[in-house]
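What follows is a set of notes on a single structure, which appears directly below.
The values are calculated or read from the model by the stated rules, or taken from the named source; none is laboratory data. Given the structure is predicted, the values throughout are model-derived calculations rather than measurements. Cβ placement follows ideal geometry from the backbone for every residue including glycine, while neighbour counts extend to all protein chains displayed.
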Amino acid sequence: MILKGSQRGSGQNLAAHLLKMEDNEHVSLHELRGFAADDLHGAFKEIEAVSLGTRCKNYLFSLSLSPPEDARVPASVFEETIDRIENRLGLDGQPRAIVFHEKGGRRHAHCVWSRIDADTMTARTLPFFKQKLMSVARDLYLDHGWTMPRGLENAAERNPTNFSLAEWQQAKRQDVDPRWLKQALQDCWKRSDNLGSFQHSLQDRGFFLAKGDKRGFVVLDHAGEVWSLPRMLDVKTKEVRARLGDGENLSSVENTRKTIGERMTPALRRHIEESRQQFRGRSDKLGQYKQEMTRLHRSARQKLEKRQKAEAEQQTRARAERLPKGLRGLWHRLTGQYQKIRALNEMEAQATRLHQTEERQKLIEKQLEQRAVLQTQFRELRKKQAKQLLSLRADIGRYLKFSRGQDGQSQSRAVTQSPSLGLKLER
């Protein structure tokens, strides 16, 4: 289970994010502990109000818990894990909220604690919390028999194609899988040993090396999107400079964009857009299936919740009728019968809660399996799209490199006649 934690403030922004339905197919507020409010916004307002009596700005500790993709983890395991982390970090007894998210056939949880100790009016310190979370995560993989990620077992072996949220959002705007993008740039890096060979390798794949303002070396694609080279290669800037030099002779980002814009013909841009539209059409169709499935799944959960609530109320009334009232009730208290009936009621109520929890978990697991099938189709489509776009980038790169120094007429002949380009474009 991957654990990511951070200290932060802005409780209302966090509450809005955790309850955002647009980014998730299912959102459920699982637990509120230590609050007078019964909603997430109200709970976080309480924490913020208490924090005003201190100088603490980051009064929250936010944790995300993401199990392996193929694991079906019940809520009880999430709760046990959260309790373990709470004890390990020294947040015992602090007010907390637990929210479950489901998206893409996977389920993960978020837990948010208040760092403010109301008794001492000080913030609980969290020394080395990242190392502690890493240790708990390793234990969870071993305890549940999950395959441990290489990077978790040994930080030196972490996946070089992992990407940050900002990198993912940037790649999403370009309809590109960031893992494929990183892999392409890292392949160019492995095949090159100096600045010239690296530039040629990049251009063969539709990328251009440029000099950034503050980030040193950057890479631009045919759309003019800028990527930090050290980040995409997952290496330090010092290592990049050792191989490529200081980059003083490289063009600036603006000049490189201008060069790309001059070489990109209308036909070339049209071909790129047609390729994207083709995949958008297929993706939209799968998206409609996903929306309908989400609607049906939400409806099924609402019906189950309504039925369970009615059953619980009916059983509560039936158990209440067992308890005698008046003089008869007093006699039962004196003889001990009242306590026996009350104990039986509590036992039955607990059994009902466990049964309903199992019912909800079975429904969730069934729906997750159905959603996972659709997610496989999404994954295959994106994989196919990534391969085609990378191939298209290579064609664009060869064309742009070939068009350098050519006049407009020779460019047109190159596009329409050269079989190596594979684009078959016309102006």
(request) Restricting attention to helices (runs of 4 or more DSSP H) lying wholly within segment 147-224, give those where 1 or more residues are within 26 Å of the chain's Cα centre (by Cα), crowded, with 20+ Cβ neighbours inside 10 Å and modelled with pLDDT of 80 or more. (result) 178-190
(message) Restricting to segment 276-330, name every residue that is more than 30 Å from L392 (Cβ to Cβ), loosely packed, with under 11 Cβ neighbours inside 10 Å and either outside the structural domain of K340 (by TED's automatic domain parsing) or among the polar types (S, T, N, Q) (or both).
(response) S299, Q302, Q314
(request) Please determine, by comparing only the residues of segment 11-29 that are in contact with a Phe, Trp or Tyr (Cβ under 9 Å, 6 or more places away or on another chain) and over 19 Å from G105 (Cα atoms), which one is surrounded by the most Cβ atoms within 10 Å (Cβ to Cβ). (result) G11
(request) Could you tell me which residue of segment 76-101 is surrounded by the most Cβ atoms within 10 Å (Cβ to Cβ), considering only residues that are within 21 Å of the chain's Cα centre (by Cα) and farther than 21 Å from F35 by Cα? (result) T81
(request) Answer with yes or no whether A223 is of a type in the set (A, V, I, L, M, F, W, C) and farther than 11 Å from F207 by Cα. (result) no
(message) Testing M134 on (1) surrounded by fewer than 18 Cβ atoms within 10 Å (Cβ to Cβ); (2) in contact with a helix residue (DSSP H, G or I) (Cβ under 9 Å, 6 or more places away or on another chain); (3) free of Cβ contacts under 8 Å to residues at least 60 places away in the same chain, one condition comes back false. Which one is that?
(response) (3)
(request) Inspect all residues belonging to segment 318-336 and state whether any of them is part of a helix (DSSP H, G or I) and closer than 27 Å to E31 by Cα. (result) yes
(request) Determine, yes or no, whether N58 is assigned to a helix (DSSP H, G or I) and closer than 17 Å to F129 by Cβ. (result) no
(message) Tell me whether segment 309-316 contains one or more residues that are out of contact with any helix residue (DSSP H, G or I) (no Cβ under 6 Å at 6 or more places or on another chain) and either at pLDDT below 85 or of a type in the set (S, T, Y) (or both).
(response) yes
(message) Take the conditions modelled with pLDDT under 95 and either buried (at least 20 other Cβ atoms within 10 Å of the Cβ) or touching a Cys at 6+ places or on another chain (Cβ under 9 Å) (or both) and apply them to R107. Does it pass?
(response) yes
(message) Would you confirm whether or not segment 79-94 contains a residue that is within 12 Å of M1 (Cα to Cα), assigned to a helix (DSSP H, G or I) and in contact (Cβ under 8 Å) with a residue 24 or more places away in the chain?
(response) yes
(message) On the basis of being surrounded by 14 or more Cβ atoms within 10 Å (Cβ to Cβ) and of a type in the set (G, A, S), does G42 make the cut?
(response) no
